[in-house]
Amino acid sequence: MDIPAKLLERQALPTASKDWTESQRWVAVMVAKASQAWLLALRITGSHAVAEEVVQDAFAKLLESPPPVDPGSDAARAWLFRIVRCLAIDARR
């Protein structure tokens with residue numbers, strides 16, 4: 001499986017404007033980390049379609065009840081990838 005180099009690049013979390021709402025900051029994090037989240041889900045599930053569903057489910061979960069961390073922090077990134085990992089494992093079963 002060939003993975004485009006662009007997807008493998010580590011992207012910095014966006015710096016949010018002070019005028020952004022928390023939801024807007026979370027959306028910015030999701031956009032910045034979408035390709036990495038998809039790659040993680042793909043590695044676990046082995047399916048492009050299932051990986052896309054897993055990432056969509058993780059993003060929906062994040063928007064429904066965001067964790068009590070700053071969206072621009074490393075903890076936010078860790079939370080996102082932990083949710084993707086758990087959902088991907090569940091999808092693989």
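Give the number of residues within the range 20-69 that are outside any helix (DSSP H, G or I) and of a type outside the set (Ser, Thr, Tyr). First the steps, then the outcome.
Taking the range 20-69 first, the residues outside any helix (DSSP H, G or I) are 20-21, 46-47, 65-69.
Next, from what is left, pick out any that are of a type outside the set (Ser, Thr, Tyr): 20, 46, 66-69.
Qualifying residue count, the range 20-69: 6.
Pull up the range 33-42, narrow it to residues that are in contact with a Lys or Arg (Cβ under 9 Å, 6 or more places away or on another chain) and farther than 14 Å from Arg92 by Cβ, then point me to the one that is least open to solvent (accessible area, probe 1.4 Å).
Out of the qualifying residues, it is Lys33.
Say we look at the range 71-84 and pick out the residues that are of a type in the set (Gly, Ala, Ser) and under 12 Å from the mean Cα position of the chain (by Cα); which of these is surrounded by the fewest Cβ atoms within 10 Å (Cβ to Cβ)? Steps first, answer last, please.
Initial filter on the range 71-84 (of a type in the set (Gly, Ala, Ser)): 72-73, 75-76, 78.
From the residues that got through so far, the ones that are under 12 Å from the mean Cα position of the chain (by Cα) too are 76, 78.
Numbers: Ala76: 21, Ala78: 12.
This residue is Ala78.
Within the set of pairs 6+ apart or on separate chains, which have a first residue in the range 66-78 that is in contact (Cβ under 8 Å) with a residue 60 or more places away in the chain, a second that is surrounded by 16 or more Cβ atoms within 10 Å (Cβ to Cβ), and C-beta atoms under 6 Å apart?
Ala76/Val29
Quick one: in the range 43-70, which of the residues that are under 18 Å from Val27 (Cβ atoms) and acidic (Asp, Glu) is most open to solvent (accessible area, probe 1.4 Å)?
Among those residues, the one meeting the criterion is Glu64.
The values are calculated or read from the model by the stated rules, or taken from the named source; none is laboratory data. Because the structure is a prediction, the values reported are computed rather than measured. Cβ coordinates were reconstructed from backbone atoms using ideal geometry, including for glycine residues, and neighbour counts include every protein chain displayed. Surface accessibility is based on the protein's heavy atoms, side chains included, excluding ligands, DNA and RNA. Shrake-Rupley method; radii C 1.70, N 1.55, O 1.52, S 1.80 Å.
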